[in-house]
Amino acid sequence: MKMKAFYFIPFLILACSLASFVKNNTENGNSNKFIVVLDAGHGGHDPGNLGNGYLEKNIALNIVLKVGEILEKNPDIEVIYTRKDDTFVDLYVRGEIANKANADLFVSVHCDSHTSNANGAGTFVLGLHANKQNFEIAKKENSVIYLEDNYQSRYADYDINSPESVIGLTIMQEEFLDQSIMLAKIMQDKFSNELKRNDRKVKQAGFIVLHQTFMPSVLVETGFLTNKSEGSYLNSKSGQSQMGKAIADAILSYRNSIKTDDVAKAAIETPEVKAVSSPETDTAKELAAQQKIEKEEAARKLAEAQEAEKKEIAARELAAQQKKQKEEAAKKLAAQEEADRKAEAAIALAAQQKMKDEEAARKLAADQEAKKKEAAVRELAEQQVKQKEEE
């Protein structure tokens, strides 16, 4: 019964949010600007992860401010921040800011952490957790809800420990998934090709902050603070500037791609244009076809990346299992060798003790024999003395 109620609640939220969306669209109807909402993760009493002593909240904010600084130079783009200083903003409020602004994009910036020496930048879109690793990353970012007031009632039907909780939420974002994947792919290309960062691919996971928005949305894990060199890079001004520029460039590339796509769609869908054959029309059609191919290619690459990641995780698990078996076998062998050594030592000690006992017995027998001889000599001497006396 609880699960049925859970599936109903996301659709109720969707209906309310769409109603707000229509209203806001009317209010902002005169604006032709492309609106980007930049979200610096964590903040205030929520420091985020503290790998190697760095503060995720500060690094995320500095990167976001750099992204905004670049985008604000474009007169056709309006930048809105969920926070511009060290303050705590509830996850649901971050989504509300984007929805009320009728934003065209929502970009959330974070830093990752791991118990291993993992490294690299990855971009997430909302979706079902492809594997346990993605689920754990989402759990880590979603756990911030426990720092919010009234989180029990606000997120009553959302269980961060349950992958099933994401199913109903992802339905609301399906119409924006293609655009989200497109933006995420452009970002990953910027990170890996231009900054030479380790490419952790485009992935899907159930981040609450993404499901609150009704527009193309991505969450960027800029790198691992728990990796010493990568943490130092992200904490540096140059690293933050480079990451900020890469994200901003990706957003601009995405915007240009969308504008091209809109022109192509208009050219194809307008009857007058269809009726007249011209080089411009043919170019628009070609661009539309190319855009479709690129979207399909992005989706294919995402599926391949997810499959490759599954295989990689399976291989790591197998390797870990084999390593554990080898360690267990080595431990048993060492234990057996130790037992054999102790047994041999016990045998040697017993043999040594036996030799000592035999030596002691031999000496005792020799002493007893010597005493017998001595007694016999004394007795013979006494007899000889007695015979002399009698004579």
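The values are calculated or read from the model by the stated rules, or taken from the named source; none is laboratory data. Bear in mind that the values here come from a model prediction, so they are computed numbers and not experimental data. Note that we place each Cβ from the backbone using ideal geometry, even for glycine, and neighbour counts take in every protein chain shown. Only protein heavy atoms, including side chains, enter the accessible area calculation; ligands, DNA and RNA are left aside. Shrake-Rupley method; radii C 1.70, N 1.55, O 1.52, S 1.80 Å.
Output the residue which, of all residues in the range 212-238 that are open to solvent by less than 40 Å² (accessible area, probe 1.4 Å), touching a residue at least 12 places away in the same chain (Cβ under 8 Å) and of a type in the set (S, T, N, Q), is nearest to residue 54 (Cα to Cα). Looking at the filtered set, the residue picked out is 227.
Note on the range 86-125: residues that are part of a helix (DSSP H, G or I) and closer than 21 Å to residue 246 by Cβ amount to 0. The set of residues from the range 310-366 being free of Cβ contacts under 8 Å to residues at least 24 places away in the same chain and of a type in the set (Val, Ile, Thr) comprises just one member, 347. Suppose we keep only residues that are polar (S, T, N, Q) and modelled with pLDDT of 50 or more within the range 154-211. Which one would you say is surrounded by the fewest Cβ atoms within 10 Å (Cβ to Cβ)? Checking each candidate, the answer is 193.
So, residue 321, is that one among the polar types (S, T, N, Q) and surrounded by 10 or more Cβ atoms within 10 Å (Cβ to Cβ) or not? Yes, satisfied.
Might you let me know whether the range 377-389 holds any residue that is open to solvent by 100 Å² or more (accessible area, probe 1.4 Å), under 60 Å from the mean Cα position of the chain (by Cα) and of a type in the set (S, T, N, Q)? Taking every residue of the range 377-389 in turn, none turns out to be open to solvent by 100 Å² or more (accessible area, probe 1.4 Å), under 60 Å from the mean Cα position of the chain (by Cα) and of a type in the set (S, T, N, Q). Does the range 282-289 contain any residue that is at pLDDT 65 or above, open to solvent by less than 90 Å² (accessible area, probe 1.4 Å) and not acidic (Asp, Glu)? Within the range 282-289, one or more residues are at pLDDT 65 or above, open to solvent by less than 90 Å² (accessible area, probe 1.4 Å) and not acidic (Asp, Glu).
Of all residues being open to solvent by less than 10 Å² (accessible area, probe 1.4 Å) and in contact with a Ser or Thr (Cβ under 9 Å, 6 or more places away or on another chain) in the range 58-85, which is nearest to residue 242 (Cα to Cα)? Just the residue, please. The qualifying residue nearest to residue 242 (Cα to Cα) is 63.
Evaluating residue 350 against the criteria (1) open to solvent by 100 Å² or more (accessible area, probe 1.4 Å); (2) modelled with pLDDT of 90 or more leaves one unmet condition, (1). For the range 36-53: of the residues being surrounded by fewer than 22 Cβ atoms within 10 Å (Cβ to Cβ), in a loop (DSSP other than H, G, I, E, B) and in contact (Cβ under 8 Å) with a residue 40 or more places away in the chain, which is nearest to the chain's Cα centre (by Cα)? Going through the qualifying residues, I end up with 50.
Filtered by the rule that a residue be more than 16 Å from residue 38 (Cβ to Cβ), open to solvent by less than 10 Å² (accessible area, probe 1.4 Å) and at pLDDT 90 or above, the range 86-144 gives 112, 120, 121, 122.
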